[in-house]
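Asker: My structure is below; once you've seen it, I'll send some questions.
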Amino acid sequence: MTRTTDSERLLILAVDDDSVIRSLIRAILAQSDDPAIRGAVLREAATLGEARRILDTENVDLVLLDVHLPDGLGLELAAELQHGAADRPAIVALTASVLPADQQAALDAGCDAFLAKPYPAAALVAICGELATRRARALAIRSELP
C-alpha cells in the first residue's frame, strides 16, 4: 500500500494501559521495513475512554487493542466497532491471554487478528501491513461503487 500525503498516511491507534508496551509498539513500527508502516501516524490511548475519543475524531485505519484495560475489556470496543460504520478500522487483539477460547472470543467480538504477548516484532509488522492493505482495498472498492 502506497500513501503519498500526510492525509493519506496510515493512522494506527495503540490501546494499552502499559506505557512500556506502547513504547515498544512505537519503536517496532518506526523501524519497520514497510514504508507505509514506518511512516504511519501513531496515536496512543491507555484506556477505553481515551480510545473512544480518538476514534470519534480521527479516521483510524488500524487499532492495536489490549484486551484488559483499566476501564473495561478491549473486546467491548471491538464489538462496538464491529457494529459501527462499514469503514471501521481493522482491529488486532494484543493480549497475554493465549488460550484458544480467548482467541476465539477476540475474533467473535470483531477483531480481525490476534497476537499473543510477547509477540515478535516481525509478526506485529506483518499483521499491520496485511490488515492495512486489506482495508485500503476494501475502501477503494466501496468508493468505486455507485
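Asker: Read phi for every residue in the range 109-119 and hand back ³J(HN,Hα) as whole Hz from Karplus 6.51 cos²θ - 1.76 cosθ + 1.60, θ = phi - 60°, with x for Gly and Pro.
Answerer: 6, x, 5, 8, 7, 9, 10, 8, 7, x, 10
Asker: Out of the total accessible area of the chain (probe 1.4 Å, heavy atoms of protein only), what percent is carbon and sulfur?
Answerer: Its accessible area is 55 percent carbon and sulfur atoms.
Asker: Same structure, new question: So with the 1.4 Å probe, I'd like the accessible area per residue for the chain, rounded to whole Å².
Answerer: In whole numbers, the chain has 52 Å² accessible per residue.
Asker: Would you indicate which of [x] 31; [y] 40; [z] 18 is the value of percent of Cα pairs over 26 Å apart derived from the coordinates of this structure?
Answerer: Correct label, based on the coordinates given: [z].
Asker: Using a cut-off of 14 Å between beta-carbons, work out the net charge of the residues near F114 (Lys and Arg +1, Asp and Glu -1, F114 not included).
Answerer: Net of charged neighbours comes to -4.
Asker: Is there a quick way to get the dipole size of the range 4-146? I mean about its Cα centre, with the Cβ of Lys and Arg at +1 and of Asp and Glu at -1; what is the value in debye to the nearest 20?
Answerer: Numbers: 13 positive and 22 negative charges, 60 e Å.
With only Lys, Arg, Asp and Glu charged at Cβ, the dipole is about 280 debye.
The values are calculated or read from the model by the stated rules, or taken from the named source; none is laboratory data. Quantities reported herein were computed from a predicted structural model and do not represent experimental measurements. Every residue, glycine as well, gets a Cβ built from its backbone with ideal geometry; the counts of neighbours run over all protein chains shown. These area figures cover heavy atoms from the full protein model, side chains too; ligands, DNA and RNA do not enter into them. Shrake-Rupley method; radii C 1.70, N 1.55, O 1.52, S 1.80 Å.
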